[in-house]
Amino acid sequence: MALPTGERASYNYYRVLRSIWQSDGVSRSDLASSHELDKTTISQIVSQLADQGLVQVLDIDTSNPRPGRKSELLNVDPSWGVVVGIEIRPDGINACATDMHGTIVATHHHRQVVERANLRTSFLKSLESIQADDRVDGRTLVGVGCAATGLVNRSARTIHRSIPLNIHDPYDFGLDIAAQIPVPVLIDNDANACAWGQLVHGGAEVPSNFLFVLIEFLSAPTRHMYGGDVGLGLGFVIGDSVYYGTSGAAGEFRSVFWHPGYTNQFSIPDNEAHDILDRPDVLPRLVDELAANVALFANSLDLGAIYIGGDVAPIKELLIGSFESAINNNWPYDAPGRARVELSTLEGDIVSSGAAAMVLEHIFAEPAHASGLKDQNYIWRTILSARGSQHRS
């Protein structure tokens, strides 16, 4: 798959590739119509993609009753490559491998204490382990996504600070880890990775503006770092893109009712925040407090939906009911417009699969300007070079 030359040709190339990736099967004529390109241009682009094996004929379009040759439906071959998503937690590393459509192929879970001192070795060992899995071995690695708890600078590829990971000054993930991997590598905050996953895999019903609420209940070795059992992060999506804020720290959460001196994120005393799933006297208070905070965001930002994901199965009814009630009570008007509340449709390892989805969105992006086009060409040169090296070995 040689990259096209010429600015206009390159833009069209990536626009068409993205449309094919996003579809369940699209014809050349539909691509020509949607992008206002002639059929010859579309055929040239599709031929380039097909020669490399990235695009395949999925089926024949039988929906048109008119006589004549039926159109071929195209899609990205899901087995063309594999994307690995890795979640870094203080109590272990979760990894998943997905195909080119984001379907999970394999998952690995490594339980151990993870902190700055062993982050590099733990991460690379986890990546090597999932690549060696029989379900993954032999597939071309095309990208790696990492999601970590804490303050993460996506553009600089640094973990600026993470108390659970014992990172108190910027850790250069790009230099220490990503530079060792010959394909595109992204890193983001864990809640933001979930938001990317919802954007990519949530379907047509996902609104342009929403909030992802990631709730995780922590294992015993890491509870003291949070002051309780609950770790919570927020991922905001505004205008179909994850919102990072002025310094890249959007989504970091501390309740507006929090008391100085508490280690946990809420106004619940630290001693009450431990073993909270077994505290029917405390758990509803924490959920109601979280709901009040979320309601303020939902109504003030006029969000379309609130998605809840993570370790929520034991309390899903409590969460949904409390969130809906708080949003309704916080809304000052009779007119509709309040955000709907849903459990995330993402399944399996929600953070690591979200990190993989983030990479897929990145490599199949449509460049918006000249610098974006340069970046996209670099991404695909890197992927094709790695693919060529693997096939020659």
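The values are calculated or read from the model by the stated rules, or taken from the named source; none is laboratory data. Being a predicted model, the structure only gives us computed values, none of them experimental. Because the Cβ atoms are built from the backbone with ideal geometry, glycine has one as well, and the counts that use them run over all protein chains shown. Accessible surface is based on the protein model in full, side chains and every heavy atom, while ligands, DNA and RNA are left aside. Shrake-Rupley method; radii C 1.70, N 1.55, O 1.52, S 1.80 Å.
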Check: What strands (runs of 3 or more DSSP E), lying completely within region 84-196, carry at least 3 residues that are in contact with a helix residue (DSSP H, G or I) (Cβ under 8 Å, 6 or more places away or on another chain) and within 28 Å of residue 345 (Cα to Cα)?
Finding: 92-98, 104-111, 141-148, 185-189
Checklist line | Filter result (β-branched (Val, Ile, Thr) and under 15 Å from residue 308 (Cβ atoms)) within region 199-213 | finding: 206, 213
Next item on the list: Scan region 168-205 for residues that are open to solvent by 10 Å² or more (accessible area, probe 1.4 Å) and closer than 14 Å to residue 89 by Cα and report the count.
Entry: 2
Checklist line | Hey, residue 144 open to solvent by 50 Å² or more (accessible area, probe 1.4 Å) and touching a Pro at 6+ places or on another chain (Cβ under 8 Å) or not | finding: no
Check: What are the residues in region 267-293 that are within 16 Å of residue 322 (Cβ to Cβ) and in contact with a Gly (Cβ under 8 Å, 6 or more places away or on another chain), if any?
Finding: 268, 276
Margin query: Only one of 159, 187, 181, 163 is touching a Pro at 6+ places or on another chain (Cβ under 8 Å) and either over 22 Å from residue 82 (Cβ atoms) or among the aliphatic types (A, V, I, L, M) (or both). Can you tell me which?
Written below: 159
Notebook entry, point to check: Just one of 103, 98, 40 is closer than 30 Å to residue 177 by Cα, modelled with pLDDT of 90 or more, loosely packed, with under 15 Cβ neighbours inside 10 Å and of a type outside the set (A, V, I, L, M, F, W, C); which is it?
Noted result: 103
Check: Within region 150-167, which residues are out of contact with any strand residue (DSSP E or B) (no Cβ under 6 Å at 6 or more places or on another chain) and open to solvent by 20 Å² or more (accessible area, probe 1.4 Å)?
Finding: 155, 156, 163, 166
Item checked: Subset of region 110-119 (residues that are surrounded by 14 or more Cβ atoms within 10 Å (Cβ to Cβ) and more than 17 Å from residue 163 (Cα to Cα)) -> 110
Check: So residue 349 clears everything in (1) over 17 Å from the mean Cα position of the chain (by Cα); (2) acidic (Asp, Glu); (3) surrounded by 20 or more Cβ atoms within 10 Å (Cβ to Cβ) except one condition, right? Which one?
Finding: (1)
Next item on the list: Give the residue, chosen from 314, 332, that is in a helix (DSSP H, G or I), farther than 30 Å from residue 54 by Cα and open to solvent by 80 Å² or more (accessible area, probe 1.4 Å).
Entry: 314
